[in-house]
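*Asks:* One structure coming up, written as structure tokens, with questions to follow.
The values are calculated or read from the model by the stated rules, or taken from the named source; none is laboratory data. Because the structure is predicted, anything quoted here is derived from the model rather than measured. FYI the Cβ positions are ideal-geometry reconstructions off the backbone, even for glycines, and counts take in every protein chain you see. For accessibility, only protein heavy atoms count, side chains too; no ligands or nucleic acids. Shrake-Rupley method; radii C 1.70, N 1.55, O 1.52, S 1.80 Å.
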Amino acid sequence: MATTEQIISLVGVDQLAFLGFNDANLSILESRFNAVPVVRGDTVIIRGEGEDVELLSRVVNEMIYMVRRNGSLMQTDVESIIDVVAGGDLPSSGSLKGEELDDVILFANKSVIKARGERQLEYVQKVRENDIVFSIGPAGTGKTYLAVAMAVNAYRNRDVTRIILTRPAVEAGENLGFLPGDLQEKIDPYLRPLYDALDDMIPPEKLKSMTERRAIEVAPLAFMRGRTLNNAFVILDEAQNTTALQMKMFLTRLGPNSRAIITGDLTQVDLPKNVESGLVQAESILNGIEGIGFIYFDKGDVVRHKLVKEIIRAYEEHGVSGGV
């Protein structure tokens, strides 16, 4: 096959971020493709056989997009972009542009995590514009999963130095004291949905390392009391099960350069009937404060199996809410 060539402009691109320390990102490209990328001035010249040149050009365009959007590009990002492009998960028409890529949140474990639908796009935009975002709606709408993806993205971009994921320890019909094992073994199953999301986005060894050095912390809400959370992306999940005082406690933990997402489903409140949900109260008293955003999902935004929407609808018609 004849040798072909493509030239891609780097005008306006931070070349240090694009190339990586000691050209590490460029070295990855050279090791993964038969085509040869050469940077000359404000251009990347790619030479090789047609298919390899096309694939490498798409990778370079995705790298440029990430640098322009995030201001940084990790070696793990480059590897993920290559895996996604080589796996055919991006459109064959070439690199996505502008608004089409605005819904990309994270390149993770050989897949792309993207906002799905207008409501999720609005959710992502709310998080970009506000330091605190309340995400309210039924199970299955991607509230928690997207929150974790945005936290991992912020960590990779060095916007924060740690990720903290927490839930109030209120169980639906169960008591932790009756579960076997020590405290950690009792807590882990309840926090498992948060771990599952992390498992999808961070390689196992990397996740283990980050957890051991406390760059990632998953803990019950009670463990947040008395702390100040600086340079952190904090997620409070299942917030409908916080009391008013717990919600206030959580929100006042945030320190400098910290952000928070609070997720909850008002149809799944497991608190005693005489206890007001902290999420309900926060919704009524914090709306309108600059820097705090609210996003609302409904059953039409469910992104799980196609039957989940019908299951939710059927149970609602029979007067049963929550629990999905």
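*Asks:* With a point put 7 Å past each Cα toward its Cβ, work out how far Asp298 is from Ser27 in nm, to one decimal.
*Replies:* The two pseudo-label positions are separated by 5.5 nm.
*Asks:* Compute the length gained on full extension between Asn231 and Arg214: take 0.36 nm times their separation in residues and subtract their Cα-Cα distance, giving the result in nm to one decimal.
*Replies:* Roughly 4.8 nm would be gained on extension.
*Asks:* Separation of the stretch 124-145 and the stretch 1-80 by C-alpha centroid, Å?
*Replies:* For the stretch 124-145 versus the stretch 1-80, the Cα centre distance is 33 Å.
*Asks:* Let me ask something else about it. Expressed as cubic angstrom per residue, what is the convex hull volume of the alpha carbon set of the stretch 1-84?
*Replies:* About 78 Å³ per residue, rounded to a whole number.
*Asks:* So what's the Cα pair-distance distribution over the stretch 216-316, bin width 5 Å, in %?
*Replies:* 2, 11, 19, 21, 18, 14, 9, 4, 1, 0
*Asks:* Just reorder Ile289, Ile82 by solvent-accessible area, largest first, 1.4 Å probe, all chains present.
*Replies:* My answer, sorted largest first, is Ile289, Ile82.
*Asks:* Report, by chain and number, residues whose modeled amide H sits under 5 Å from the one on Phe134, excluding near sequence neighbours (fewer than 5 apart, same chain).
*Replies:* Amide H to amide H, under 5 Å and 5 or more residues apart or across chains, Phe134 pairs with Ile262, Gly293, Phe294, Ile295.
*Asks:* Taking amide H atoms as placed 1.01 Å from N in the peptide plane, list the residues 5 or more away in sequence, or in a different chain, whose amide H sits under 5 Å from that of Ile235.
*Replies:* Residues meeting the amide H criterion: Ile164, Leu165, Thr166, Ile261.
*Asks:* In addition: Given a 1.4 Å probe and heavy atoms of the protein chains only, how would you sort Val78, Val269, Val218, largest accessible area at the top?
*Replies:* Sorted descending by solvent-accessible area, the residues read Val269, Val218, Val78.
*Asks:* Would you work out which of Ile64, Thr3, Leu26 lies farthest towards the positive end of the dipole of the stretch 2-92, given +1 charges on the beta-carbon of Lys and Arg and -1 on that of Asp and Glu, about the Cα centre?
*Replies:* Result: Ile64, furthest along the dipole toward the positive end.
*Asks:* How do Lys248, Lys208 rank by accessible surface area computed with a 1.4 Å probe, from largest to smallest?
*Replies:* Lys248, Lys208
*Asks:* Right, here's the next one. What FRET efficiency comes out for Arg40 versus Asp159 if R0 is 30 angstrom and r is the Cβ-Cβ distance? Round to the nearest 0.05.
*Replies:* For Arg40 and Asp159, the calculated efficiency is 0.40.
*Asks:* Post the alpha-carbon centroid distance, the stretch 248-310 to the stretch 190-237, in whole angstrom.
*Replies:* Taking the Cα centre of each part, the stretch 248-310 and the stretch 190-237 sit 19 Å apart.
*Asks:* Checking the a/c ratio against 1.5 first, then a/b against b/c, what shape does the Cα gyration tensor give for the stretch 260-300?
*Replies:* Judged from the Cα gyration tensor, the stretch 260-300 comes out oblate (a/c at least 1.5, b/c at or above a/b).
*Asks:* Would you kindly find the accessible area of Lys206, with a 1.4 Å probe and non-protein molecules such as ligands, DNA and RNA excluded, rounding to the nearest 10 Å²?
*Replies:* Ignoring ligands and nucleic acids, Lys206 comes out at about 100 Å².
*Asks:* Please compute the alpha carbon radius of gyration of the stretch 105-154, then divide it by the globular-protein estimate 2.2 N^0.38 Å. Two decimals is fine.
*Replies:* 1.09
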